[in-house]
Amino acid sequence: LSCEDEVDDPPIPNEEEVITTLTYTLTAAGSVHTFTFQDLDGDGGNAPTITVDTITSGVTYSGSMVLLNEIENEDITTEIFEEAEEHQFFFQSSDPALSVSYSDTDANQQPLGLLSELSASDPGDYSLTITLRHEPDKSAAGVSDGDITNAGGETDIEVTFQIHVL
């Protein structure tokens, strides 16, 4: 007689999020500025729509992120918050005159990035790339300071906004 080994189904890994819309809202002194990336058909197909508001130099803006999967009518922001230890936003500017700092952390006091502060010290045109990483190595050198170089993990979404600063 032969024995059959029972084969357990492997655990289902936490899959990367499908994100069709990223909205980065900046507020300061009663003014609201919105940067939006929207790609309703997902990767491929139609080009995404990107909208950007003009901001003012010398002002520190409070930033908040909202992420949606409009294909499935899901608010991904809540999932990212609930799985904060497994996510981190990275903000890469084309010039040090435009800077972003973290205003929130996960349960281990590591940066998350759903909330941030953005400021521009000088007028001009800048690019800001926002990248959400799934399962980054938050203990790697520089990652807690927002350096994506050693972060690892998988990119859930990466968007570059061209920002005009008055």
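The values are calculated or read from the model by the stated rules, or taken from the named source; none is laboratory data. Keep in mind that this is a model prediction, so the values were computed, not measured. All Cβ positions, even for glycine, are placed from backbone atoms using ideal geometry, and neighbour counts span all protein chains on display. Note: areas computed on protein heavy atoms with side chains; ligands, DNA, RNA excluded. Shrake-Rupley method; radii C 1.70, N 1.55, O 1.52, S 1.80 Å.
Summary table
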item: From Gly113, Gly146, residue being crowded, with 18+ Cβ neighbours inside 10 Å, within 12 Å of the chain's Cα centre (by Cα), of a type outside the set (A, V, I, L, M, F, W, C) and modelled with pLDDT under 95; result: Gly146
item: Count of residues meeting criterion [exposed (fewer than 14 other Cβ atoms within 10 Å of the Cβ) and among the polar types (S, T, N, Q)] in segment 149-159; result: 2
item: Unmet criterion (only one of (1) in contact with a helix residue (DSSP H, G or I) (Cβ under 9 Å, 6 or more places away or on another chain); (2) surrounded by 16 or more Cβ atoms within 10 Å (Cβ to Cβ)) for Tyr24; result: (1)
item: Selection within segment 55-93 - under 19 Å from Phe161 (Cβ atoms) and more than 17 Å from the chain's Cα centre (by Cα); result: Ile55, Thr56, Ser57, Val59, Thr60
item: Candidates Pro136, Pro96 - the one that is open to solvent by less than 20 Å² (accessible area, probe 1.4 Å) and assigned to a loop (DSSP other than H, G, I, E, B); result: Pro136
item: Flag if Val7 is modelled with pLDDT under 95, surrounded by fewer than 16 Cβ atoms within 10 Å (Cβ to Cβ) and not in a strand (DSSP E or B); result: yes
item: Among the candidates Gly58, Gly44, residue that is open to solvent by 30 Å² or more (accessible area, probe 1.4 Å), on the phi > 0 side of the Ramachandran plot and at pLDDT below 95; result: Gly44
item: Test: residue in segment 65-86 that is touching a residue at least 12 places away in the same chain (Cβ under 8 Å), open to solvent by 40 Å² or more (accessible area, probe 1.4 Å) and among the aromatic types (Phe, Trp, Tyr); result: yes
item: Selection from segment 142-166 of residues that are aliphatic (A, V, I, L, M) and either assigned to a strand (DSSP E or B) or closer than 15 Å to Pro111 by Cα (or both); result: Val143, Ile148, Ala151, Ile157, Val159, Ile163, Val165
